[in-house]
Amino acid sequence: MTAPANGAPLRTRGSREWLDLFRANEEPEDLPEGGPRLSGEERASVVRSVQEFQLGENSEGKHLHRLAGDHAEKTGDGDYLLVIEYFIREEQRHARYLKHFLVSEGFGTVKGSWADAVFRRLRRLANLEVSVGVLVTAEIIAKVYYAALEGATRSPTLRAICERVQRDEKMHVQFQAERLAILRRDRSLPGMVLTRLLHRALFCGACLVVWRNHGEAVRRGGLRFRAYWRRCWDEFGAARRAMEPAAYTDL
């Protein structure tokens, strides 16, 4: 395959390099304490939203771990399973950060939501490629969401969490996008066209669901629907090229 003209050719980092990156990122940061607490308006706008995102981050990742183990055994890429283990722990760390914040504000976590149930169901019914595609879809939108949430509050704790999660999600998107390119490298052109269409449909639906459930918090952070929609698709466009096998010189 030849690399597309819109951008310099990419190279895969490979599981060993990703493992080093995740290991270097493992140490949690101390969260700032004190400072302004949530105002009444902030509580009304963001608490339920944070509770639902905390639920989404808090997964044992058993299905993903099993799929990654099968993939590692099939390909001989044992490091990939180790990277997935670090990735799952990192997502769980985000959940702990958000739980810490909620408890500090006098709130608890929630046990379930219909949107979270749908995303989990999609991942559990799918093979590795679809599971990773669902994950990267959520992570792309999360980059937009956490940027808006950071602007929606004066709480130093919540703002620090948002900054940290945004940095982590940037790396997660790059990691998952590269793996999608690897998984799709032998797909025919018609197959790739269908894959792109299906992923765009999934992303479109996910954007609408997140706006429906979290639009109030996002608006408080300064993004009305058009701006939110545009930023989500801008992020998707930036990540989409990294999902394309033809963008890499070593695939």
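Structure data summary
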{"item": "Selected residue (criterion: farthest from Ala201 (Cα to Cα)) from residues of region 131-167 that are free of Cβ contacts under 8 Å to residues at least 24 places away in the same chain and of a type in the set (Lys, Arg)", "result": "Arg159"}
{"item": "Wholly within region 10-110, helices (runs of 4 or more DSSP H) carrying at least 2 residues that are closer than 18 Å to Leu149 by Cβ", "result": "40-57, 78-104"}
{"item": "Counted residues, region 188-207 - those being within 16 Å of the chain's Cα centre (by Cα) and loosely packed, with under 13 Cβ neighbours inside 10 Å", "result": "1"}
{"item": "Pairs where the first residue, in region 42-63, is over 17 Å from His94 (Cα atoms) and the second is hydrophobic (A, V, I, L, M, F, W, C), C-beta under 8 Å, 6+ apart", "result": "Glu42/Ala152; Ser45/Ala152; Ser45/Ala217"}
{"item": "Residue that is of a type in the set (Ser, Thr, Tyr), touching a Lys or Arg at 6+ places or on another chain (Cβ under 7 Å), surrounded by 21 or more Cβ atoms within 10 Å (Cβ to Cβ) and modelled with pLDDT under 95, where the choices are Thr157, Thr153", "result": "Thr153"}
{"item": "Subset of region 151-171 (residues that are closer than 17 Å to Ile141 by Cβ and outside any helix (DSSP H, G or I))", "result": "Gly151, Ala152"}
{"item": "Hey, Ser104 hydroxyl-bearing (Ser, Thr, Tyr) and over 18 Å from the mean Cα position of the chain (by Cα) or not", "result": "yes"}
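The values are calculated or read from the model by the stated rules, or taken from the named source; none is laboratory data. Quick caveat, the model's predicted, so the values are computed rather than measured. When we count neighbours, we look across all protein chains shown, and the Cβ atoms used for this are built from the backbone with ideal geometry, even at glycine.
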